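Reviewing the structure listed below.
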């Protein structure tokens, strides 16, 4: 009968035994100790980061409705009128109260009771944040202003940053990248170990079900393994999409997307550019919108909005003013729930003619997949069902990590009533592999480490720790002999 991860041979206490390595006959028997070693070290040392990411992600998934309620005065009008004022007049009203900065974008109302958003790029807010002024489209009354992060209001923006970097700036992003870089490795290694255990105990059909009538470590193992099967797809998806936002691995993702032409095409706002030109870059649909505008209240807003409606664009959509005399308005749909819409056009502010157009249907398939995956990660794509799925997955992941620590703790020696840390799984797993298998394993880990530098650095730290602990064990065994 095969060993379970709880019954796997552990660190021998004497030097002679530590140097003894048998050569298992089957490929699974050779690979399994390596998977155990990776699952053990990563689970023990990266587990806290995964738990923090899951907990902050849980809070983020539950916050959208609270955010909407908290800022209802800014987001909604008191009374729906019979006719909206000209968009240019609404922008002028916003600039009369807030003349600071430059206009970054305008969001016309998406519903009859929505306010108009006029977002300003200002110097007195944190990087990547902006000041959004909310205007009643029926009266041009300024309802207030808020510091926003993209389309997120302050509450959601605060929890977004908590999840991304714990409000520790660029340094804090390391925690989430470490969690995202390792959780898929831990999950896949655990899944393979669980499949091997179920196959060895002739319970493969109960892969997603825990055992009944067992106690202690076997009971913990069965629940830990079954729960992992249920959440494995969501965990892998969150890991991959999380890495796209990360500090170091995200740069690698950007390079791969650019090399394979997986980036979303951007509409060209240049008035002299030929129709259909795109920059092929990773930028958004508002090229040049952060530059100084032509005027405090850019001309042609109503004309651009009317042209967008005639071109078939629908709300919610964002409008980006011209960045210079040779630039046009950019109007882009931004419907991020299913079915998503991201058609975009550029409009000549003088004539209202469509200069360039990029439809969502023209995006590369992988660009669409990336967009959908990211929105699903953020709980947007499928509305409250998406939020509920993320919340359940976050709670399940936290429970799984806790059970993993409980299994590890139950491995500790209890003889002589002396406090000792639990022993780790058998060492020198690479020596049990055939030469070509060991080379493949090392190359694979090195490639992943190159793509995700924090993964590589932490893996190197685990190897150093492993070598150091082995040296201590051998010294201790030699001194006792």
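Each value in this text was obtained by applying a stated rule to the coordinates, not by laboratory testing. Note that the coordinates shown come from a computational prediction; the quantities given were computed from them, not determined experimentally. No Cβ is skipped: glycine too gets one built from the backbone with ideal geometry, and neighbour counts run over all protein chains shown.
Can you give me the distance in nm between label points at residue 409 and residue 82, each placed 7 Å from the Cα along the Cα-to-Cβ direction?
Modelled inter-label distance: 7.0 nm.
Could you tell me how far the Cα centroid of segment 436-477 sits from the Cα centroid of segment 37-62, in Å?
Between the Cα centres of segment 37-62 and segment 436-477 lies a distance of 20 Å.
Can you tell me the length gained on complete extension of the stretch residue 353 to residue 233, counting 0.36 nm per residue apart and subtracting the Cα distance?
That works out to 38.6 nm of additional length.
Distance between the C-alpha centers of segment 131-153 and segment 242-265? Whole Å please.
Using only Cα atoms, the two centres lie 32 Å from each other.
Roughly speaking, what is the stretch gain from residue 98 to residue 167, that is 0.36 nm per residue apart minus the C-alpha to C-alpha distance, in nm to one decimal?
Working: separation 69, 0.36 × 69 = 24.84 nm, distance 2.78 nm.
Additional length available on full extension: 22.1 nm.
Stretched out fully, how many nm does the piece from residue 399 to residue 309 gain, at 0.36 nm a residue minus the Cα gap? Spell out each step's value before the answer.
Numbers: separation 90, 0.36 × 90 = 32.40 nm, distance 4.93 nm.
Gain in length upon complete extension: 27.5 nm.
Roughly how tilted is helix 435-451, in degrees to the nearest 10 and between 0 and 90, from the longest Cα axis of the chain?
The angle comes out near 30 degrees.
How far apart, in nanometres, would the label points at residue 382 and residue 62 be if each is projected 7 angstrom from Cα along the Cα-to-Cβ direction?
Each label point is offset 7 Å from its Cα along the Cβ direction, giving 2.1 nm.
Of 437, 326, how do they rank once you tally other Cβ atoms within 10 Å and put the fewest first? Mind showing how you got there, number by number?
Details: 437 15, 326 11.
So the ranking, lowest neighbour count to highest, is 326, 437.
For the chain, find the longest principal axis of its Cα atoms and tell me its angle to the long axis of helix 365-377, 0 to 90°, nearest 10.
The answer is roughly 80 degrees.
When only Cα pairs under 8 Å and 6 or more residues apart are kept, what is the percent relative contact order across segment 168-242? Don't skip to the answer; put the middle values down first.
Details: 52 pairs, mean separation 32.0, N = 75.
Relative contact order for segment 168-242 comes out at 43 percent.
Which of 366, 378 comes first, and how do the rest follow, when ranked by fewest Cβ neighbours within 10 Å? Mind showing how you got there, number by number?
Values: 366 15, 378 22.
Fewest to most other Cβ atoms nearby, the residues stand as 366, 378.
Would you work out the relative contact order for segment 100-172, in percent, from Cα pairs under 8 angstrom that are 6 or more residues apart?
19
Any chance you could give the angle, 0 to 90 degrees and rounded to 10, that helix 87-97 forms with the longest Cα principal axis of the chain?
Tilt relative to the chain: about 80 degrees.
Normalised by the residues of the chain, what does the relative contact order come to in percent, with Cα pairs under 8 Å and at least six apart? Walk me through the numbers before you get to the answer.
Numbers: 769 pairs, mean separation 100.1, N = 481.
Relative contact order for the chain comes out at 21 percent.
Among 147, 115, what is the fewest-to-most ranking by other Cβ atoms within 10 Å?
Taking fewest neighbouring Cβ atoms as first place, the list is 147, 115.
With a ≥ b ≥ c taken as the square roots of the eigenvalues of the C-alpha gyration tensor of segment 60-116, please select rounded if a/c is under 1.5 and otherwise prolate if a/b is larger than b/c or oblate if it is not? Display every interim value, and only then the final one.
Numbers: a/c = 2.34, a/b = 1.35, b/c = 1.73.
Here segment 60-116 falls in the oblate category.
Set the Förster distance to 25 Å, then compute FRET efficiency between residue 45 and residue 392 from the Cβ-Cβ distance, nearest 0.05. Can you show the working numbers first?
Values: r = 26 Å, r/R0 = 1.05.
Between residue 45 and residue 392 the formula returns 0.45.
Identify the residues of segment 216-237 with backbone N under 20 Å of a label point that sits 7 angstrom from the Cα of residue 252 along the Cα-to-Cβ direction, or state none.
Once the point is set 7 Å along Cα→Cβ of residue 252, 235-237 turn out to lie under 20 Å by backbone N, inside segment 216-237.
For P(r) over Cα pairs in 20 Å bins from 0, in percent, the choices are (i) 24, 55, 20, 1; (ii) 25, 62, 13, 0; (iii) 20, 44, 24, 11, 1; which was calculated from the structure?
So the calculated entry is the one marked (iii).
Between residue 70 and residue 260, what is the spin-label point distance in nm, taking each point 7 Å from the Cα along the Cα→C-beta axis?
3.7
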